[in-house]
Structures are given as C-alpha cells and as structure tokens.
Amino acid sequence: MKGAEALLKALEREGVEVIFGHPGGAIMPTYDALYDSPIRHILVRHEQGGVHAATAYARASGRVGVVMATSGPGALNLVTGLADAYMDSTPVVAITGNVPRALIGTDAFQEADVTGVTMPITKHNYLVQEVNDIPRVVREAFHIASSGRPGPVLIDLPKDVQLSEFTGTFDVELDLPGYKPTTKGHPKQIERALDALEKAERPILMVGGGAQHAHGELLAFAERTGIPVITTLMGLGAFPGNHPLWLGMPGMHGTVAANRAIHHADVILAIGLRFDDRVTGKVSRFAPHAHTIIHVDIDPAEIGKLVRTHIPIVGDARSVLREMLKGAKPLRLASWWRELEEWRTRYPLRWKPKPYLQSQEVIKAFAEATGGHAIVTTGVGQHQMFAAQFFAVTRPRSFITSGGLGTMGVGLPFAIGAKVARPEELVIDFDGDGSFQMTLQELATVVKYKLDVKVVILNNGYLGMVRQWQDLFHAKRYSEVYLADSNPDFARLAEAYGIKGVRVERKEDLMEGVEAVLSADGPVVAEFKVYHEEGVFPMIPAGGAAEDMILEHPADKEEVEA
Amino acid sequence: MRHVISVLVQDHPRVLSRITGLFARRGFNLESLAVGTTHVPGLSRISLVVSGDDHTLEQVEKQLNRLIEVLKVTDHSEPHVERELCLVKVHVAGVEERLAVKDIQEAFRARVVDVAQKSLILELTGDSKKIDSFIEALRPYGILEVMRTGAVAMSRGERTLKVREKREAV
C-alpha cells in the first residue's frame with residue numbers, strides 16, 4: 001500500500017464520505033488512489049470554491065468538511081477559505097500535495113511554503129515527512145478540527161511521501177499532550193451565573209455560532225427562564241427566528257430591540273460568541289448598564305479578550321446549558337418584556353417602499369413562500385445583511401454565511417457544500433452581483449453534480465455595501481463601486497452553463513419570479529434587478545454604540561418629516 | 001510591566017515559528033526569547049521576556065495555550081531564578097585600558113574567555129539588569145560587539161513546569 005492509499009483509508013476510518021477538491025501535479029498519487037476509493041469526490045473549478053464548499057458542508061452537517069488541492073498555487077488558493085473557516089470556527093481538514101521532500105526549500109516548480117503561509121489561519125497544520133505517520137496525523141487532524149473550538153487543520157503531503165510504501169498501522173493513538181479542551185463548565189461558576197440571572201431585572205441571552213449544536217438546550221433554557229434571546233449573525237438559527245422570545249440580531253445592522261436590550265441589560269449571558277466589533281460597536285460603550293456579564297465559551301482566550309467578564313465559564317455551550325437547565329427557574333420579567341415589546345413593535349425591521357423592486361421584499365417573499373424552511377447561504381455585503389434581517393431561519397445550521405472574515409464570493413460554493421451535505425433540503429444562495437462574480441465558475445460544479453441550488457442574485461449594479469458607506473461617510477463619492485455597465489446578463493450566463501435562468505426587473509413580477517425559482521426542477525440562477533440606492537438599516541456606524549443607531553437613510557427621514 | 005514566561009513545548013519543526021508568529025500577529029511585545037532542549041526527550045523549553053499590561057499578559061498566556069504543541073505556560077510572578085548569559089567583545093588599546101576593563105570584570109565577577117592583542121571577550125551570567133549595568137560600565141572602553149542569550153528562568157523550590165498541569169487548552 002502506498003502513502004496515498006493509506007491516506008484515503010485513514011480518511012475512510014474518520015467517516016469521510018465526500019472530498020471537495022481539484023487535482024494537480026503534487027497531489028496526483030492521491031487522486032490516482034481516489035480512482036479506486038469509495039469516497040466521493042466533488043471536482044470544483046477553483047480550489048477556493050472547494051474550501052468554501054467544505055466549510056459549508058461542515059456547517060450544514062456538523063461533520064468535518066474535507067478539501068484537497070495540489071501544491072503551490074492550488075494550496076494557496078485555499079488560503080482565503082481557510083482563514084474564513086478559522087474565523088468562523090468551522091471544522092475543515094485541508095489536504096495539500098507538496099513537492100517531493102528532496103525539493104522542499106529549493107524553489108521547485110509549484111512549490112510554496114504552505115504550512116508556513118497557513119500557520120496563522122489554521123488551528124494547526126502538519127507537514128508529513130514520514131509515510132507511516134499518515135494515520136496518526138489524519139486522526140489528530142480530525143480530532144483537532146472537530147473538538148474544542150472547531151477550526152481548520154491542514155495536512156501537507158509531499159509527493160514522494162504519497163508514493164512511499166506504507167508499512168505502518170492504522171490503530172494509532174492520538175499524541176496530543178498539549179491539547180485538552182475544557183468542555184465541562186465549572187459548577188461554581190454555573191451556580192454564580194444562575195444566581196446572577198435570578199437576581200436580574202433586565203437579563204438577556206446572547207447567542208453565537210458556538211451554540212448552533214446546543215439549540216435544543218438553548219430553547220429549553222430560554223423557555224424555562226423567559227429571558228429574551230438575541231442571536232448574532234453566526235448564531236442565526238440556533239434559536240428559532242419565529243419564537244416570541246427572539247429579539248433578532250444585534251450589532252451594526254441588528255434590530256432596534258436587540259441593540260436596545262443589550263444597552264439596557266443588567267445581566268448578559270453570552271454563549272458561544274466572541275464579541276466581534278460588528279456586534280459590540282465601540283467596546284467601551286458596549287452594554288453600559290450591565291453589572292454582570294457571564295461569558296460561556298469553549299475557548300478560554302475569548303473570555304475577557306474584548307469585553308469585561310464577571311463570570312467566566314469555560315466549556316461547551318451544550319454541556320454548560322444542560323447544567324444550567326438543572327437550576328433554571330422562571331424569572332419575573334414582565335416589566336422588562338413590556339419595554340422590549342414596545343421597542344419591538346415600534347421599531348420592526350422595515351424599509352421605505354420605492355417604485356422599484358427592492359432587495360428586502362425579494363428576500364421577504366422567499367421567506368414567506370418557504371416558511372423560513374430552507375438552508376440559506378449568502379455572499380457578503382448588503383444582500384447578506386438583508387438576508388439575515390428578512391429571512392428568519394427557524395432551524396440550526398441553516399444560515400450559512402461568512403461572519404468573521406466577510407469573504408465575498410462564498411455564497412455559491414457555500415450552497416454547493418450545503419446541498420451536498422443535506423441534499424433533501426431546499427438551498428437558496430442570496431447573492432450580490434459583486435459577490436457572485438467572485439466565484440461564479442462553480443456553476444460548472446452545480447451542473448456536473450446536478451446540484452439543485454437556487455441562486456438568487458440581488459443585482460443592484462453596485463458594490464452596494466461599499467456604496468452605502470460612501471453615501472453616508474464619504475460625501476457620496478462613489479469610488480470604484482459601479483458594476484452595472486459591465487455586469488453580464490446573469491440569466492443568459494446561467495443558460496450558457498445549462499442552468500435555468502430567471503430575470504425579474506419589475507416590482508409587479510416579484511411573486512412570479514419567486515414561484516419560477518422555487519418550482520423549478522433543478523438549479524436556477526435568478527437575477528432580481530433591485531433598487532440601487534438602497535441602504536441597510538438600522539445601522540450603527542463602525543465604532544459607534546447603540547445610541548448612535550441610524551434607523552433610516554437620512555434622505556428618507558427628511559421626506560417623512562417634510 | 002516586564003514578565004518572564006516559561007513555555008514547555010513539543011520540539012516539533014516550526015514550533016518556534018508558531019510562537020514568534022503568534023507574537024507578531026497579535027502585536028505582543030517580545031523582548032527576548034531563549035530556547036533549548038530539556039531532560040525529557042522531545043520536549044523543549046522556551047523563556048520569553050514580554051512587556052505589557054495585565055490584560056495583554058493574560059492574552060499572551062491564553063493564546064500560547066491555544067497552540068497545540070504548547071504543553072505548559074508559566075508567568076514567573078512567584079519567586080524565581082532568572083539568568084542571562086552575555087558575551088561582550090571590548091576594544092583594549094593599551095595596558096591602562098586592559099587594567100580598567102579587568103577591574104570591571106572582577107567587580108561583576110565576569111570571566112575573560114578570549115584574549116587578543118587589541119580585544120577581550122568577557123562572559124557574564126546574571127539577571128538582565130546586571131547585564132545591562134555591565135554593558136554600560138564597559139561602554140566607555142569601546143564595545144566591539146555584544147551577544148546576549150535572553151533571560152532564562154526557573155521557579156524556586158519544588159515548583160516545576162509539569163506537563164499535566166496544563167489547563168484551558170483549546
């Protein structure tokens with residue numbers, strides 16, 4: 001057995017069913033072995049598409065996503081996706097070929113120091129020097145990727161190692177003396193947390209991506225205590241978006257109710273989130289009335305990193321919530337809820353209707369037509385925020401977006417990965433005309449594997465989010481954001497790939513367009529030509545606080561007041 | 001504030017690069033770094049001198065602990081021994097200078113490890129402050145070059161850097 005076969009066997013033993021990848025010189029021995037392997041391979045058209053697909057596969061399924069690429073350029077094309085998976089704590093194992101050991105360090109053809117490059121954007125990485133190490137390295141990589149705070153792990157395999165005769169064993173032990181994640185929360189701290197919540201008058205529960213797997217416990221805890229729930233962008237779906245206890249998303253484009261709740265809260269229970277600046281705004285002005293912040297996170301380094309923490313609980317969200325449930329009591333929060341209800345009723349997410357088709361109504365129409373029952377992926381920008389605001393997903397692992405890194409172009413490969421992971425689900429990629437064009441080559445992957453994904457492009461002809469900032473903060477100097485003069489005809493582009501294309505340009509054709517997308521038997525690329533001056537609101541400008549929230553575009557405000 | 005931190009690591013390739021990369025990436029201020037093998041095969045020990053406030057130091061410790069190959073991190077706030085070794089090459093033109101340098105050498109209990117016609121190499125071990133003073137004392141005579149190892153540290157008494165004590169890893 002060669003190293004390449006040993007690798008695939010080791011992957012099989014980890015339960016790997018699918019690899020997203022792209023072959024090339026230095027990984028050819030493994031692709032040769034793959035020819036006889038039961039593991040399914042999804043051939044992408046660019047390695048970046050592969051790593052994003054593997055990321056979404058992981059996020060949608062809760063399993064480890066696997067991506068494979070060749071040395072040098074192939075591996076370097078994974079960089080953005082690895083950084084994305086790292087920022088959003090997603091378990092991905094990347095396998096890259098490298099030049100033969102004797103050539104490493106000689107500037108050989110297609111050589112790059114991939115372990116060096118990926119060191120700061122992976123949870124760990126390996127350069128395998130010895131063929132018999134393969135089973136142990138694979139075991140460790142999967143263990144590290146999927147345990148503790150999940151993250152990407154890269155395995156770099158020189159070509160000659162793949163070709164060497166394997167004489168080792170697959171029954172290997174993990175050799176990770178320095179890696180022992182704490183999963184069980186400290187009982188004393190949990191007791192203190194429950195105590196603080198019991199005494200609280202205005203408590204809130206803030207939930208991030210680290211609680212996606214704890215949705216059942218979270219729902220039970222919230223319902224038992226009656227504490228309002230706020231989910232970050234990464235936490236969307238961890239708590240049902242149609243639940244009366246849900247206040248929406250916090251932060252830069254969060255709801256008024258969520259941001260005000262944080263502003264006025266006296267006790268905050270934060271679970272599986274890392275107080276990103278898009279959530280907190282200016283940290284020194286974040287939650288000024290909170291005398292107790294309880295932070296539950298599996299990564300001790302996140303606790304106290306940005307926000308002062310009074311009760312730290314290092315542990316897995318699910319395990320900690322289970323423990324907390326044992327002592328959770330219904331809280332008397334009637335007057336707090338009266339305030340929250342008032343904010344919620346008075347400031348719902350809304351938009352000012354225009355005579356043109358608008359992004360918000362497109363997303364809302366899809367949400368209503370599907371009952372929120374879909375896996376949503378997005379690119380990055382205005383459409384992403386609109387999707388987060390107006391497509392309230394009700395189930396965990398169903399809103400797959402690039403939160404931390406904000407990677408444009410993830411929408412389509414995320415949809416591919418999600419569909420491969422959960423083929424029975426309706427998968428909708430809400431994308432922007434800018435984002436979509438960064439990875440649109442993956443339409444070929446959609447065709448090749450007959451993946452029924454619905455791509456909904458909200459085409460405003462601009463890099464809308466950048467345009468919005470230029471509009472608000474750069475004196476309307478629209479520097480390099482205009483795309484409409486050179487965008488393709490997206491429907492015809494889709495048709496060139498053999499994918500159904502849909503184009504909707506007028507407000508009155510919206511419902512027909514939605515119907516055309518959802519009723520299509522197979523993949524669709526639908527272009528909705530939307531109003532180009534739309535802004536995402538509410539908005540807390542970068543570095544601001546809840547009090548600095550802008551509720552609507554200044555121009556719209558004047559109209560109302562006039 | 002200045003802190004001396006000891007880190008026990010698996011001596012895998014690139015482990016030093018992971019640590020220095022972490023400091024660079026997170027903007028931690030690293031004053032010196034010393035590394036060597038230990039009596040346990042496969043384990044190396046690193047001494048870091050870091051400056052920063054309490055919050056920064058807490059992050060330094062936590063971020064180091066996140067590295068898979070880091071087994072144990074200790075910030076030496078407890079009684080500890082700190083030593084640094086330094087080699088200084090001094091220019092000595094004449095007998096008078098040579099005698100003056102010798103006085104300094106004796107005062108600091110340094111050793112002469114190389115004698116040449118116009119230069120001496122002095123070796124001194126001590127804590128970093130003592131080395132600073134030594135260098136300052138020699139400066140007027142014309143220092144040709146200096147090599148410091150960076151501080152190494154060890155807790156006094158029974159306390160040791162034990163592997164199994166590592167907590168809070170992710």
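The values are calculated or read from the model by the stated rules, or taken from the named source; none is laboratory data. From a predicted model like this one, the values you see are computed outputs, not experimental measurements. A quick note on method: Cβ atoms are made from the backbone with ideal geometry, for glycine too, and the neighbour counts reach across all protein chains shown.
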Among what's in the range A:164-182 and is under 24 Å from residue A:86 (Cβ atoms) and either over 27 Å from the mean Cα position of the chain (by Cα) or free of Cβ contacts under 8 Å to residues at least 24 places away in the same chain (or both), pick the residue that is farthest from the other protein chains (Cβ to nearest Cβ).
A:174
So residue B:56 clears everything in (1) among the hydroxyl-bearing types (Ser, Thr, Tyr); (2) within 12 Å of chain A (Cβ to nearest Cβ); (3) touching a Ser or Thr at 6+ places or on another chain (Cβ under 8 Å) except one condition, right? Which one?
(3)
Does any residue in the range A:35-60 that is closer than 20 Å to residue A:402 by Cβ and not assigned by TED's automatic domain parsing to the domain that holds residue A:88 come within less than 6 Å, Cβ to Cβ, of a residue that is surrounded by fewer than 24 Cβ atoms within 10 Å (Cβ to Cβ) and not aliphatic (A, V, I, L, M) six or more places away or on a different chain, and which pairs are these?
none
Tell me which of these residue B:9 doesn't satisfy, since it passes every other one: (1) away from chain A (no Cβ under 14 Å); (2) surrounded by 12 or more Cβ atoms within 10 Å (Cβ to Cβ); (3) of a type in the set (A, V, I, L, M).
(1)
Breaking point among (1) more than 15 Å from residue B:89 (Cβ to Cβ); (2) touching a residue at least 40 places away in the same chain (Cβ under 8 Å); (3) touching a Leu at 6+ places or on another chain (Cβ under 9 Å), for residue B:130
(2)
Checking residue A:130 against (1) touching a Ser or Thr at 6+ places or on another chain (Cβ under 7 Å); (2) on the phi < 0 side of the Ramachandran plot, only one condition comes out false. Which one?
(1)
Can you say whether residue B:144 is in contact with a strand residue (DSSP E or B) (Cβ under 8 Å, 6 or more places away or on another chain), more than 14 Å from chain A (Cβ to nearest Cβ) and at pLDDT 95 or above, as far as the supplied structure shows?
yes
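Quick grid of which residues meet (1) more than 22 Å from residue A:88 (Cβ to Cβ); (2) assigned by TED's automatic domain parsing to the domain that holds residue A:469; (3) basic (Lys, Arg); (4) surrounded by fewer than 24 Cβ atoms within 10 Å (Cβ to Cβ):
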| residue | (1), (2), (3), (4) |
| --- | --- |
| A:252 | no, no, no, yes |
| A:283 | no, no, no, yes |
| A:290 | yes, no, no, yes |
| A:296 | no, no, no, no |
| A:301 | no, no, no, yes |
| A:304 | no, no, no, yes |
Can you confirm whether the range A:73-83 contains a residue that is buried (at least 24 other Cβ atoms within 10 Å of the Cβ), more than 24 Å from residue A:129 (Cα to Cα) and touching a residue at least 60 places away in the same chain (Cβ under 8 Å)?
yes
Residue A:417 fails exactly one of (1) closer than 18 Å to residue A:44 by Cα; (2) touching a strand residue (DSSP E or B) at 6+ places or on another chain (Cβ under 6 Å); (3) assigned to a helix (DSSP H, G or I), namely (2)
Residue count, the range A:202-230 (criterion: more than 20 Å from the chain's Cα centre (by Cα), closer than 14 Å to residue A:294 by Cβ and hydrophobic (A, V, I, L, M, F, W, C))
4
Condition first: outside the structural domain of residue A:415 (by TED's automatic domain parsing) and free of Cβ contacts under 8 Å to residues at least 12 places away in the same chain. Now tell me which residues in the range A:351-387 satisfy that.
A:353
Within the range A:316-329, is there a residue that is touching a residue at least 40 places away in the same chain (Cβ under 8 Å), within 14 Å of chain B (Cβ to nearest Cβ) and within 30 Å of residue A:183 (Cβ to Cβ)?
yes
Across the range B:27-41, the tally of residues that are surrounded by 13 or more Cβ atoms within 10 Å (Cβ to Cβ) and within 14 Å of another protein chain (Cβ to nearest Cβ) stands at 2
Might you check whether a residue that is farther than 23 Å from residue A:123 by Cβ and not aliphatic (A, V, I, L, M) occurs anywhere in the range B:63-70?
no
Pairs only if they're at least six apart or on different chains, beta carbon under 6 angstrom, first in the range B:91-108 and free of Cβ contacts under 8 Å to residues at least 24 places away in the same chain, second surrounded by 15 or more Cβ atoms within 10 Å (Cβ to Cβ); list them, first residue then second.
B:98/B:92; B:105/B:122
Which residue out of A:509, A:521, A:556, A:548 is out of contact with any helix residue (DSSP H, G or I) (no Cβ under 9 Å at 6 or more places or on another chain), farther than 19 Å from residue A:436 by Cα, outside the structural domain of residue A:468 (by TED's automatic domain parsing) and not aliphatic (A, V, I, L, M)?
A:556
Which of (1) within 23 Å of residue A:149 (Cβ to Cβ); (2) of a type in the set (Gly, Ala, Ser); (3) surrounded by fewer than 24 Cβ atoms within 10 Å (Cβ to Cβ) does residue A:417 not meet, given it meets every other one?
(3)
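Of all the residues that make up the range A:329-355, how many are assigned to a loop (DSSP other than H, G, I, E, B) and in contact with a Gly (Cβ under 8 Å, 6 or more places away or on another chain)?
Within the range A:329-355, the first condition is being assigned to a loop (DSSP other than H, G, I, E, B), and the residues that meet it are A:329-333, A:347-355.
Filter again for in contact with a Gly (Cβ under 8 Å, 6 or more places away or on another chain), leaving A:330-331, A:333, A:349.
Qualifying residue count, the range A:329-355: 4.
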Just wondering, is there one or more residues in the range A:359-366 that are surrounded by fewer than 24 Cβ atoms within 10 Å (Cβ to Cβ), β-branched (Val, Ile, Thr), over 15 Å from the mean Cα position of the chain (by Cα) and assigned to a helix (DSSP H, G or I)?
no
Return the only residue of B:17, B:47 being farther than 24 Å from residue A:144 by Cβ and either without any contact (Cβ under 8 Å) to a residue 40 or more places away in the chain or more than 11 Å from chain A (Cβ to nearest Cβ) (or both).
B:47
Any residue at all in the range A:512-523 that's out of contact with any Ser or Thr (no Cβ under 6 Å at 6 or more places or on another chain), aliphatic (A, V, I, L, M) and under 21 Å from residue A:380 (Cβ atoms)?
no
Need at least 2 residues that are touching a Gly at 6+ places or on another chain (Cβ under 6 Å) and at pLDDT 95 or above per element, so show me which helices (runs of 4 or more DSSP H) inside the range A:472-562 make the cut, counting only ones lying wholly within it.
A:490-496
